[in-house]
Every structure is written in structure tokens, then in C-alpha cells.
Amino acid sequence: GQIIITGTAVTTEPMTYFTNTAFIGSDTPDDNDDNNDDTVTGTVESIIIGNPQIGIVKTDHITQVVPGQLVTYTISFSNYGYATAENVIITDTLPEHVTYQSCQPLPCDYQDGMVIFNIGTLPPGSASIVLVRVQVDNDIPTMTTFITNTVMITTSTPDTVITMPPDNPDDNSDIDSNEILYPLIEIDKRVSVPDTVNQETVRYTIDITNAGDLPLYPLIVTDTLDPVLDVIDESYVPVEPSYISPDKLTLVWDNLIDEPLMPNDTVSVSFDVLVNTIITGTYYNLVTTTAVYTDGQNNGIVTDSDDEPLMVQDPGVDVFKQVIPPGLDPNQFITFTIHVTNTGRSMLDVVPLFDYFESKHITLTHATPQANRWGMHDVENEMGFIRWDDLTALPPYGFGRNLLPGESFVITTVFRGINEFEVTTNTAVITEAIDVHDNVTQDDNSASPVIYDPSTIELLSFTASQHGFDMVKVEWQTWVERDNYGFRLLRGQMPLQKDSEPDIEDATEIAFIAGRGMGLLSGNSYTYFDRTSVVAPSYQYWLVDVDLSGEETIHGPVTVRTSRGYVIYLPIVIK
């Protein structure tokens, strides 16, 4: 026979498994008790009774975002357990660098960077979704590469994680991460000649670079020029502006590219302008660019600007004059060099030079290159002049070429002294030099005094050498000698220690030699034979010139090494 039993299993413990055992008995004795009970096997099911199993999944259906983009997160949740979940709460923790916009369905609450949904009761087998909308901040730091959003679902009813079949993971939380792409554009404006002059042509070049992560299209460039700049037609490369204002000071390219400008790519445009101002100073020119990008949903705009300074200056020239040593030589000649240097930006086309001198003291003997004119500049003050009309002229009156920036012309003049003087001044002047653009330089001058001090002796040489067996020959020669009373000659021994300095205080005066230059401008030669230098092998000599007022000037020392001869006596042997 067969008996069918139907029942309901009731338990509050999770992971409880039921088996069914049947037993049969009788008052009549049974010879075989081993078959009086049986347990269900094979086709008998194990029934699992547990708590709720809740899970949550979050996605925004994208993997990349850009600053300013709106992002909607879809949060799916369900209870796929065997019991009702009570007091279910979903908490969505927003990441940094996003701003909360809205949540659905209501009611939902936003506070302290968290969006909270109070779901309440969630029966077994039920599922639903909620939405959270945020906007990526426009000012997000560029070092931020990802934004990550974390959501969590909780219940007051214990949530079972089943470890026996079926094997389900812990899915009470989920994250969604997006890479951040930055749209960025950079513009750089440069000028071919940052320092320029009036009437010079310079070239502006504008480089626009996609420095971000998204294609840019279209690309608009607006350049605003200073009124001192005249744009040159037909100088635009690669294309002319789509709009040029009537005064030609505003240039607009409404789309400089035919296809999107990809990340790291650069596009350029250039043109020439003529500098048209005599007012020196720094002028700025502003260029801006605007480009459009898309985040897949909406379009955005990026911009950048740059201002390039342009310095306008006068052409420059510098003149430097100096005396070639020794100044007034023994033959009364004085040689000067005049260095004329182009210190400006432009090439000098006309370079006139004047050289003024005191004709009562000196007179011109020759000049290289040859001067165009010379004569009296100021008869009353006895001032003479030399004039070169243009140093760029052909020889013999010039150098035969323009003076390039940084280059110098060197002019040589030779004068002869015609009477006694203490100081005479020679002045070179550049007046109204003109560059190749017809700009006039500022004047410049350089004065070079020639000082003749009659109380000073200028030595040409001072030497001492052994002469014969027992003498030292001391010689000196003067360049210039006037009002000189004479010379004191002092001698001392070399210091015994190598590192000792010679000291005139230890020297002995061995002679006084009268000067021979009184009343003359020329120099003289002197020789003195020291016959007393027989004690030490080396001597030092000082020369002290004495003028008529008693002033003394020390020259030297000079050193001489002496040697003594030897007498050898040979014995005579007589047998």
C-alpha cells in the first residue's frame, strides 16, 4: 500500500536542511526488524529555508567623462532571497570633483556628499532602480585621472550569503569608475623680431595646439593688432582671415581647420606687419582662440589667449675714442683710435663723424680713412675739426659698406704736438646717423684727453748689465722729459731669502746724474758705469727722478747678476 503525507516546514535558522524518515511497526512479532524504517534518498529534495538576499549594481553606461559633463548613475537593486528584507536603505557616496544635481524617485535625500534612498520593505523576488544625477566640476584639477562612485545597500534583516549550492558573491555594494578626459587648447604668438625700429617689417606667427584629450572643431582665432602696426596684404599663410576690420586691426579666422584638430596636433597661421611709429616703447598684440569639443552628449568650449610684446626703439650708435699709448711720443706724435659701433637693431646707412681738437696744441698729420674736410671750428677758442661726411662711403673717405648691427668701424687719427701743454682734449661726435629705414639715431660723443705732466718722467727703458770684469752698466731712456732736475741712482744687494721683497730703504745712493731735458719735450738716453759693485754677486738698482720742485718718482728695481774673474797660479818646478 502507499500513504501520502503533505506538510509545511517552519524554521528561523538559515541554512536548515530537512530529510524525511518513515517507520513501520506492529503488535505481531517481526522476524526482521532491519527493514522497519527508511530515509528518503534519490528523488527526495532538500528544501532550503533562509533570510533575504539583497544585491545592488551601479552603472552610468559610459567609461569616460569631461569637466562640466552631466552624468546619470543607474542603481539596480533586488531581493533574490527567501524572506522579506526590512528597512532597506541605499547610500550612494559621491566622489570628489562632482556636484549633486538630482535623484529619482522621490523621496530621496542628499547630505554631506551622500544620496540616501529609504526603500523600506523589499519582498523576496522584487527588484527596482533609482537614479542619481551629478555634474563633473569644471575646475577639476588636471592631475585627477579618475572619479569613482560607490553605492551600498543595507537591511535590518540578516542577509544570507549562501555558501552551499547555489554559490553567490557578496553583492551588497558596487562601484563605477570613469576616466577623466580634459579638453585643453593652447595658443602661442611670437614675432620674428622682438626688438625692432620704425618702418621695419616683422612677421607674426600664431601656433594653436590641442593640448587636451578630445578632438576640437571648429577653431576660431581672433587677433587684435596695435594701431602702430600696418598689416601687409597677401602675406597670410596658409589662409587669409575670414574677416578683416576696416582699420585692419582685427583679424578673424572663423574656422582655421578643415577637420578636427586631434590631441597633440598643432595648426599655425602667420602674416607680416610694417612697424609705423616714431614713438619708442613696448607694444602688445592680443590673440585669442576658441574651439568646440563634444563629450558625446553636449558640446563644450575651450579658450586661450596670448599677448606678444614688440619693442620699438631708435637705431643706436656708440662712439668711443682713446689714445694709443704712450700718448705724446718722443717725436711729439699722438695717435687716437675712434670706434664707431652700431648698437641698434637696424643697419646704418649714413654715418657722419666729427672730430674736434685744440688746434693751439696739436695739428692733424693724417687720418684713416681720409677725412672729407678739416679746418677751424672755433677760431676764437682755437678749436679745429675733422669731418667724415659718411663713414659708409667708398674709400678713401669711408669703409665702402653699411654698418651692420653689432659691428664697428675703427678710425685712426694722428696728431703732432706743436707747443707745450698740460692737457689737451680731443672729442669725436656722431651726429644724426641714419639707418636703412630713414630713422635717425641719437647723437653720441666720446672725449679723450691727452695729459702732459711736465713734472713727470716717462721712461722708455731701465736696464742693468755686467760690463767687463768689475763694472755694472746702468742705462735708461726717457720718452718725455721736462723740468727735470736729475736722477738719483741707488744700489742694494739681492735679499738672501727667495721670498723676500726688495726694499729701497736698504739701498745706497751711488750717484746723482743731472737731467738733460730741461726746456725740451723730447726724451734722452743715459748711461752710468758702477765700478764699486764688487762685493755681492747680485745687485738691484733703483732710479729716482727729481723735478725742479723737489718731487721724486721711483722707478725699478732692476736686477743684475755679476761674476768675478779668477787668477790661477801654477807652480814652477826646477830640477
Considering only the stretch 210-264, state which residues are among the charged types (D, E, K, R), closer than 19 Å to residue 185 by Cβ and loosely packed, with under 14 Cβ neighbours inside 10 Å. 254, 258, 259
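How many residues does the stretch 108-140 hold that are in a loop (DSSP other than H, G, I, E, B) and either closer than 24 Å to residue 61 by Cα or in contact with a strand residue (DSSP E or B) (Cβ under 9 Å, 6 or more places away or on another chain) (or both)? Explain how you work it out, then say what you get.
First, the residues of the stretch 108-140 that are in a loop (DSSP other than H, G, I, E, B): 108, 112-113, 123-126, 137-140.
Among the residues that remain, those that are also either closer than 24 Å to residue 61 by Cα or in contact with a strand residue (DSSP E or B) (Cβ under 9 Å, 6 or more places away or on another chain) (or both) are: 108, 113, 123-126, 137-140.
Of the residues in the stretch 108-140, 10 are in a loop (DSSP other than H, G, I, E, B) and either closer than 24 Å to residue 61 by Cα or in contact with a strand residue (DSSP E or B) (Cβ under 9 Å, 6 or more places away or on another chain) (or both).
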Hey, among the residues in the stretch 82-116 that are free of Cβ contacts under 8 Å to residues at least 40 places away in the same chain and within 16 Å of residue 154 (Cβ to Cβ), which one's surrounded by the fewest Cβ atoms within 10 Å (Cβ to Cβ)? 109
Write out, first by first residue and then by second, each pair whose Cβ atoms fall under 7 Å of each other, whose residues are 6+ apart or on separate chains, and whose first residue, in the stretch 263-275, is among the aromatic types (Phe, Trp, Tyr) while the second is surrounded by 16 or more Cβ atoms within 10 Å (Cβ to Cβ). 271/204; 271/231; 271/236
For residue 334, the lone unmet condition from (1) within 30 Å of residue 415 (Cβ to Cβ); (2) buried (at least 17 other Cβ atoms within 10 Å of the Cβ); (3) touching a Ser or Thr at 6+ places or on another chain (Cβ under 8 Å) is (3)
Might you check whether a residue that is modelled with pLDDT of 95 or more, of a type in the set (A, V, I, L, M, F, W, C) and either closer than 22 Å to residue 266 by Cβ or more than 36 Å from the chain's Cα centre (by Cα) (or both) occurs anywhere in the stretch 237-246? yes
Which residue out of 505, 509, 475 is surrounded by fewer than 13 Cβ atoms within 10 Å (Cβ to Cβ), part of a strand (DSSP E or B) and at pLDDT 85 or above? 509
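Would the stretch 320-331 turn up any residue that is surrounded by 21 or more Cβ atoms within 10 Å (Cβ to Cβ) and either among the small types (Gly, Ala, Ser) or at pLDDT 90 or above (or both)?
Narrowing the stretch 320-331 to residues surrounded by 21 or more Cβ atoms within 10 Å (Cβ to Cβ): 328.
Then keep just the ones that are either among the small types (Gly, Ala, Ser) or at pLDDT 90 or above (or both); that gives none.
No, the conditions are met nowhere in the stretch 320-331.
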Kindly indicate whether residue 80 is out of contact with any Leu (no Cβ under 6 Å at 6 or more places or on another chain) and either in the same structural domain as residue 292 (by the TED database) or modelled with pLDDT under 95 (or both). yes
Condition set among the acidic types (Asp, Glu) and at pLDDT below 85, scope the stretch 422-462, selection farthest from residue 554 (Cα to Cα): answer is 443
Condition (residue is at pLDDT below 95 and within 17 Å of residue 307 (Cα to Cα)) applied to the stretch 262-281: is it met by at least one residue? yes
Looking at (1) exposed (fewer than 11 other Cβ atoms within 10 Å of the Cβ); (2) small (Gly, Ala, Ser); (3) at pLDDT 65 or above, which is the only condition residue 556 fails? (1)
Verdict on residue 301 being surrounded by fewer than 16 Cβ atoms within 10 Å (Cβ to Cβ), in contact with a Leu (Cβ under 8 Å, 6 or more places away or on another chain) and β-branched (Val, Ile, Thr): no
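The values are calculated or read from the model by the stated rules, or taken from the named source; none is laboratory data. Because the structure is predicted, anything quoted here is derived from the model rather than measured. Methodologically, a virtual Cβ is constructed for each residue, glycine included, from the backbone with ideal geometry; neighbour enumeration extends over all protein chains shown.
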